[in-house]
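Encoded as structure tokens, here's the structure I'll be asking about.
The values are calculated or read from the model by the stated rules, or taken from the named source; none is laboratory data. Computed from a predicted model, the values in this text were never measured in an experiment. Cβ: placed from backbone, ideal geometry, glycine included. Neighbour counts: every protein chain shown. What goes into the accessible areas is simple: the full protein's heavy atoms, side chains included, and nothing from ligands, DNA or RNA. Shrake-Rupley method; radii C 1.70, N 1.55, O 1.52, S 1.80 Å.
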Amino acid sequence: EHIQSPTLVNKLDEYLSFPKFDPHGDPIPNEQGIIPGRTKALLAECEINTIVTFVEIKDSEPDFLKYLDQIGLQMGHQIEIKDRIDFDNSLRIQFDGHKIFISHIVANNIYVTKN
């Protein structure tokens, strides 16, 4: 964001295949400074039996990122919400062949878009 050379910015953008979002899912402004928009929701707020796509994280703390890595959940994964547990609002989800439970805290830190 502090680079002064337009040529360098364009070459870097080309080298990175013109990303629209950073590794945590935050939007990257275009050359005119316009930030791409998208409709997103927290996974915790989504309905049961829907399929959504993981697009952004709310909490970029290292421990949360490590947790996501440990369970194998990555941005871009399609997530099917199978069930919500009344006791603690945890979710039973399925993604990439995995079926797991995630806490309400985790679900409240994952942004998704509806498919």
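Go through (1) in contact (Cβ under 8 Å) with a residue 12 or more places away in the chain; (2) assigned to a loop (DSSP other than H, G, I, E, B) for I79 and report which single condition fails.
(2)
Do you know which of the residues in the stretch 29-44 that are exposed (fewer than 10 other Cβ atoms within 10 Å of the Cβ) and under 22 Å from I79 (Cβ atoms) is nearest to the chain's Cα centre (by Cα)?
First, the residues of the stretch 29-44 that are exposed (fewer than 10 other Cβ atoms within 10 Å of the Cβ): 31-34, 37, 39.
Then drop every residue that is not under 22 Å from I79 (Cβ atoms), which leaves 37, 39.
Numbers: G37: 14, T39: 12 Å.
My answer is T39.
Might you let me know whether the stretch 45-52 holds any residue that is touching a Ser or Thr at 6+ places or on another chain (Cβ under 7 Å), under 20 Å from N89 (Cβ atoms), at pLDDT 80 or above and not aromatic (F, W, Y)?
There is at least one residue in the stretch 45-52 that is touching a Ser or Thr at 6+ places or on another chain (Cβ under 7 Å), under 20 Å from N89 (Cβ atoms), at pLDDT 80 or above and not aromatic (F, W, Y).
I'm trying to understand the selection: among the residues of the stretch 38-76, which are among the aromatic types (F, W, Y) and free of Cβ contacts under 8 Å to residues at least 40 places away in the same chain?
If we filter the stretch 38-76 for residues that are among the aromatic types (F, W, Y), which is where we start, we get 54, 64, 67.
Within the stretch 38-76, Y67 is the sole residue that qualifies.
Moving on to the next point. Quick test for you: out of G76, G33, G72, pick the one residue that is more than 19 Å from N115 (Cα to Cα), touching a strand residue (DSSP E or B) at 6+ places or on another chain (Cβ under 7 Å) and not β-branched (V, I, T).
Result of the check over G76, G33, G72: G72.
On to the next question. So in the stretch 1-21, with the set limited to residues that are assigned to a loop (DSSP other than H, G, I, E, B) and exposed (fewer than 10 other Cβ atoms within 10 Å of the Cβ), which one is modelled with the lowest pLDDT?
Quick first cut of the stretch 1-21, residues assigned to a loop (DSSP other than H, G, I, E, B) only: 1-5, 16-20.
If we keep only those that are exposed (fewer than 10 other Cβ atoms within 10 Å of the Cβ) as well, we get 1-5, 16-17.
Working: E1: 55, H2: 62, I3: 63, Q4: 71, S5: 77, L16: 82, S17: 82.
Only one residue fits best here, namely E1.
Would you pick out the residues in the stretch 56-68 that are of a type in the set (A, V, I, L, M) and crowded, with 16+ Cβ neighbours inside 10 Å?
I57, L68
Could you please find all residues in the stretch 104-115 being open to solvent by less than 50 Å² (accessible area, probe 1.4 Å) and either over 18 Å from T39 (Cα atoms) or aliphatic (A, V, I, L, M) (or both)?
Within the stretch 104-115, V106, A107, I110, V112 qualify.
Sticking with this one: Would you please name the residue that is modelled with the highest pLDDT, looking only at residues in the stretch 53-76 that are hydrophobic (A, V, I, L, M, F, W, C) and in a loop (DSSP other than H, G, I, E, B)?
L73
Something else: Which of the residues belonging to the stretch 69-93 are surrounded by 12 or more Cβ atoms within 10 Å (Cβ to Cβ) and under 27 Å from K20 (Cβ atoms)?
Listed by number, the residues that qualify are I71, G72, L73, M75, H77, Q78, I79, E80, I81, I93.
Got a number for residues in the stretch 82-115 being of a type in the set (S, T, N, Q) and without any contact (Cβ under 8 Å) to a residue 40 or more places away in the chain?
Going through the stretch 82-115 one residue at a time, the tally reaches 3.
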